[in-house]
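Written out below as structure tokens is the structure these notes cover.
None of the figures in this text is laboratory data; all of them are computed from the coordinates on show. Bear in mind the structure is a predicted one, so any value in this text is a computation, not a measurement. As a convention, Cβ positions derive from the backbone with ideal geometry for all residues, glycine included, and neighbour counts pool all protein chains shown.
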Amino acid sequence: MSENKQSGLNVGFIGLGRMGLGMASNLQRKGFRLTVYDINQAAVDALVKLGARAAPGIADASRDMDVIITMLPNSAIVQTAVGGADGVLQHARRGAIVMDMSTVEPDVTDRLAAAALAQGKSFVDAPVGRLASHADRGESLFMVGATDADYATVTPLLQAMGTTIHHCGGTGAGTRTKLVNNYLAVVSCQLNAEALTLSQRFGLSLEKTLDVIYGTTATNGQLKIAWPDKVLAGDIGPGFTIDLAHKDLTLIVDAANTVKSPMPIGAAAREAFSTARARGFGGNDFSAMVDVLCDLSGTEKARLKKKPA
């Protein structure tokens with residue numbers, strides 16, 4: 001176990017899904033005293049094998065902890081797990097920091113932060129960028145909303161789980177920055193899918209089409225960095241699913257409506273992802289949107305014979 005000047009912190013970790021499991025594993029390997037809870041016992045067992053302590057429920061994962069981390073699927077679950085009658089805030093000690101790393105509605109973050117403050121506790125929002133494979137390797141990116149003092153306390157934990165940390169502002173800034181980032185990532189995915197399906201319908205060489213796109217301002221990180229190793233290589237195993245992309249687009253469009261910010265392309269993209277889910281693609285990686293459109297148009301799937309230069 002590596003030396004860590006912050007390893008004396010008692011850390012509760014609630015939510016050991018595809019992202020949370022990798023993140024918690026890195027905390028445990030890097031010397032933090034970890035107590036973990038998830039409804040999936042297999043995930044808990046994996047952390048126990050690394051040396052973590054298993055908690056029987058949220059209460060035990062929160063009580064007497066210095067920092068309680070939550071990494072959960074959606075806003076409703078976060079609201080219940082953190083702010084519910086038997087949630088984290090009911091059991092966390094005064095002075096504890098609750099750090100939610102989920103992607104949720106900004107209003108949920110604001111309500112939980114206000115409830116924490118009223119109880120003499122702190123709240124940090126630190127949603128995660130990049131993919132599950134990055135979380136496994138401790139290479140995540142974090143967008144953090146926190147006071148300066150709370151940010152200083154949680155920074156060593158974030159450094160143990162990732163390589164890039166952005167302090168975006170006060171509480172709530174991390175959640176809102178994540179929605180802006182995911183908007184571009186998910187909508188770019190839809191644009192890429194439409195463009196490559198059109199290329200297939202035109203009967204063009206996929207390799208040559210990508211060679212051209214990569215040399216112009218039309219390119220983007222999804223198409224150049226992620227897709228050649230995912231859907232274009234025939235791998236549609238979920239790194240970030242179509243279901244989750246649809247969930248995030250719904251959060252984004254709803255949050256934009258709340259602040260009266262027009263989002264016509266986002267709304268159209270959300271309906272495209274709704275179509276994909278209706279056709280049974282929801283569990284696939286979100287790069288598989290190109291497969292959805294090829295399927296709808298009766299076109300051969302876009303697959304690389306060799307990577308473009």
| query | Using θ = phi - 60° and the Karplus curve 6.51 cos²θ - 1.76 cosθ + 1.60, what whole-Hz ³J(HN,Hα) does each residue of the stretch 192-200 get, with Gly and Pro shown as x? | reply | 4, 4, 5, 5, 6, 5, 4, 4, 5
| note | the chain: longest segment with zero exposed trypsin sites (Lys or Arg not before Pro), where exposed means DSSP loop plus at most 15 other C-beta atoms within 10 Å, is residues 95-259
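Test of understanding: what is the full-extension gain from Asp64 to Thr163, defined as 0.36 nm times their sequence separation minus their Cα-Cα distance?
32.8 nm
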| note | From the Cα centre of the stretch 216-263 to that of the stretch 55-119, the distance in Å is 27
| field | Among (i) 20.3; (ii) 21.1; (iii) 19.3, the entry derived from the coordinates for Kirkwood radius over Cα pairs in Å | value | (i)
| request: Identify all aspartates and glutamates with a Cα-Cα distance to Lys30 below 16 Å; exclude those on the same chain that are fewer than 8 residues away in sequence. | output: Glu3, Asp136, Glu139
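In terms of the Cα gyration tensor, with a ≥ b ≥ c the square roots of its eigenvalues, is the stretch 10-171 rounded because a/c is under 1.5, prolate because a/b exceeds b/c, or oblate? Mind showing how you got there, number by number?
Details: a/c = 1.45, a/b = 1.13, b/c = 1.28.
Note, shape of the stretch 10-171 comes out rounded.
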| lysines within cross-link reach of Lys305: Cα-Cα under 26 Å, excluding same-chain residues under 8 positions apart? | Lys208, Lys224, Lys230
| query | Counting each DSSP H run of 4 or more residues in the chain as -39500 (n - 2.57), what helix-only mean residue ellipticity at 222 nm follows after dividing by all residues, to the nearest 500 deg cm²/dmol? | reply | -15500 deg cm²/dmol
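Would you kindly calculate the mean projected area, averaged across all directions, of the convex hull enclosing the Cα atoms of the stretch 210-309, in square nanometres? Please report the intermediate quantities before stating the final value.
Details: hull surface 28.8 nm².
Result: 7.2 nm².
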